[in-house]
Amino acid sequence: MKDKPSRYPLLEEGRRLILIVAASVIMAVNIQSFVQAGGLFPGGFNGLTLLIQRSAQQFAGISLPFSLINFLLNAVPAAVSFRAIGKRFTVYSCLMILLTSILTDLIPPMPLTNDVLLICIFGGLINGFSISLCLMGRATSGGTDFIAVALSQKLNFDAWNYIFLGNAAMLVIAGLLFGWDKALYSIIFQFASTQVVRGLNLRYKRTTLFIISDDAHRIYEAIKDLTHHGATLFEGTGLYNGEPRSMLYSVISGDQVKQLTKRVREIDPKAFVNVLKTDQVEGNFYQRPHD
């Protein structure tokens, strides 16, 4: 089933652009304040870029620009994303990478605190928030995020914890080169970031809806139009008053719940809606494309 084109394509593209610009500014400021002040490695290709930068500076006395290294590292994942995920998704992601890299080079260091524990916790939370904004704009911050989105889309599961394990492996190398204290603090930073992304990115969370209404067929049309998911209709009897009742059962993505329940209320203000967290779904489940 194909998605219907947006009724306001320019508004949608403008929203994506605003989210990506905001995410890149927040991420660059976070790198130049919390990350640099704590000597941390934030994970992903941003962390790998910083690892290469600091290695070149410490062991070869060479000062490399953040943007150049980041562009080179992201070239291959971006090409794969272009073919596997989508053109617009990749273009917006490259814009995120470009803005973050340039702003990181332009913004001067601005340490806010010298407490490393505060740096790694709050820096991680801010990093996760910036990545979440980027994902809301249907793009990524590049590197391992390309991999996470591709795996999540192809295999239909949440891959962020696996990316966290990959980042932990990179931090082991950082620990060997620059000391274990920075590497271990960086793992706390990355863990905080990952939990924020998993909490705010509802796309890969599944939600079950049980909707009891006298207008079940119109509500099903809303489910189909808004989410592209199907539903099952159960006919029964309300035991409180003995009247016939219709109940719809449907499983949708977590980021669609708010919009759909609002539409249900518009159709039938008296509808009873039960929203349940779903841990696992087997079978055919429509996944909205990123593009």
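Quick note: the coordinates plus some simple rules give every number you see, no bench work behind them. Note that the coordinates shown come from a computational prediction; the quantities given were computed from them, not determined experimentally. Neighbour counts are summed over all protein chains in view; Cβ atoms, including those assigned to glycine, are modelled from backbone coordinates with ideal geometry.
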For this session: Could you please find all residues in the stretch 249-279 being touching a residue at least 60 places away in the same chain (Cβ under 8 Å) and not acidic (Asp, Glu)?
Result: Ala271, Phe272, Val273, Asn274, Val275, Leu276, Lys277, Thr278
Problem set entry | Residue count for the stretch 201-226, restricted to those that are in a helix (DSSP H, G or I), within 20 Å of Ser246 (Cα to Cα) and among the aliphatic types (A, V, I, L, M) | 4
Seminar exercise, completed: Exactly one of Asp115, Asp105 is within 25 Å of Leu184 (Cβ to Cβ) and among the acidic types (Asp, Glu), and that residue is Asp115
Exercise. So, of the residues in the stretch 227-256 that are part of a strand (DSSP E or B) and among the aromatic types (Phe, Trp, Tyr), which turns out to be nearest to Lys277 (Cα to Cα)?
Worked result: Tyr249
